[in-house]
Amino acid sequence: MTTMATQGAWLRMTSSAKTVAKSTVTSKELGFLTSQLSGLRISHAPTDVINRISVPSFPGIQPIVARRICPFTGKKANRANKVSFSNHKTKKLQFVNLQYKRVWWEAGKRFVKLRLSTKALKTIEKNGLDAVAKKAGIDLRKK
């Protein structure tokens, strides 16, 4: 059983112990180690480890994934219900009919390999590759 006076003294002691601990552990005392082999500076401060762990090394780089979207028409997967005979509905995706196709590009005098939907292929046959690419904002020179 403790009294208020002893509790207050204990609180003062722990808070002063924390300030003493903070003041004794400074960056000057931690310092840096120098490797004898390569001459690298190695820090052993705990804040450096936390900063390295919390910040991703390459935040802007994402893995390259071939998305199921037609670049010319913008068509993408449709969310729909699969309805059974008993009228039980489950979610499913209806994907776009994407095909890899070599298309002759008249302005570039070469074939261009594209992954496009069959609807885009019909549109290219009707209007021409240059017109469809210009409307979609696609630069064929890069591919």
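Here are some notes:
- Some residue of region 120-128 being of a type in the set (A, V, I, L, M, F, W, C) and in contact with a Ser or Thr (Cβ under 8 Å, 6 or more places away or on another chain): yes
- Strands (runs of 3 or more DSSP E) contained in region 70-111 and holding at least 2 residues farther than 19 Å from Ala136 by Cα: 78-83, 89-94
- Residue within region 65-72 that is hydrophobic (A, V, I, L, M, F, W, C) and modelled with pLDDT under 90 present: yes
- Of all residues making up region 105-133, the number that are of a type in the set (D, E, K, R) and open to solvent by less than 90 Å² (accessible area, probe 1.4 Å): 3
- Residue count for region 117-143, restricted to those that are in contact with a strand residue (DSSP E or B) (Cβ under 9 Å, 6 or more places away or on another chain), of a type in the set (Gly, Ala, Ser) and outside any helix (DSSP H, G or I): 1.
- Tally, over region 82-93, of residues that are loosely packed, with under 10 Cβ neighbours inside 10 Å and under 31 Å from the mean Cα position of the chain (by Cα): 2
The values are calculated or read from the model by the stated rules, or taken from the named source; none is laboratory data. In this text the structure is predicted, and so the values were computed from the model without any measurement. Every residue, glycine as well, gets a Cβ built from its backbone with ideal geometry; the counts of neighbours run over all protein chains shown. Each accessible area value is taken on the protein alone, full model and side chains, heavy atoms only, with ligands, DNA and RNA left out. Shrake-Rupley method; radii C 1.70, N 1.55, O 1.52, S 1.80 Å.
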